[in-house]
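Please treat every number below as a calculation from the coordinates, not as lab data. None of these values were measured; they are calculated from a predicted model. Because the Cβ atoms are built from the backbone with ideal geometry, glycine has one as well, and the counts that use them run over all protein chains shown.
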Amino acid sequence: MLNNIGLPGLLLIAIVVLVLFGRGKISSLMGEVGRGITAFKKGVKDGSDEVDSASRDVTRDLPGAVPADRARDVTPGTTPVQGSDRN
């Protein structure tokens, strides 16, 4: 049923919502939605940073572990070269 709404149907729904709630209420609602999206993105970024920080802490605590920023300098089966300037 919802697959066949199309542009005229969406415009009709938008007009009905505008008449029912008014321009001011819809504007404040969209502001709240924007703040919610911003808070969600900030939460996702903070969570990602926390996971990265925890993985660095775990890697640092493991004996013989290669730090993540140096991991690409190590070929499997070899040891890292001290003072390597490769990036």
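Multiply the residue separation of residue 3 and residue 20 by 0.36 nm, subtract the distance between their alpha-carbon atoms, and state the gained length in nm to one decimal.
So the extension gain works out to 3.7 nm.
Can you put 59, 38 in order, fewest other beta carbons within 10 Å first?
Working: 59 13, 38 10.
Ranking 59, 38 by Cβ neighbours within 10 Å, fewest first, gives 38, 59.
Just subtract the alpha-carbon distance of residue 12 and residue 53 from 0.36 nm times their residue separation and send over the number in nm, one decimal. All intermediate terms of the calculation are to be shown ahead of the outcome.
Working: separation 41, 0.36 × 41 = 14.76 nm, distance 4.96 nm.
Between residue 12 and residue 53, full extension yields an extra 9.8 nm.
Which net charge results for the neighbourhood of residue 39, defined as the other residues with beta-carbon distances under 12 angstrom from its beta-carbon, given Lys and Arg at +1 and Asp and Glu at -1?
+2
Using a cut-off of 15 Å between beta-carbons, work out the net charge of the residues near residue 16 (Lys and Arg +1, Asp and Glu -1, residue 16 not included).
Neighbourhood net charge equals +2.
Below 12 angstrom from the Cβ of residue 50, what's the summed charge of the other residues (Lys, Arg +1; Asp, Glu -1)?
Its environment carries a net charge of -2.
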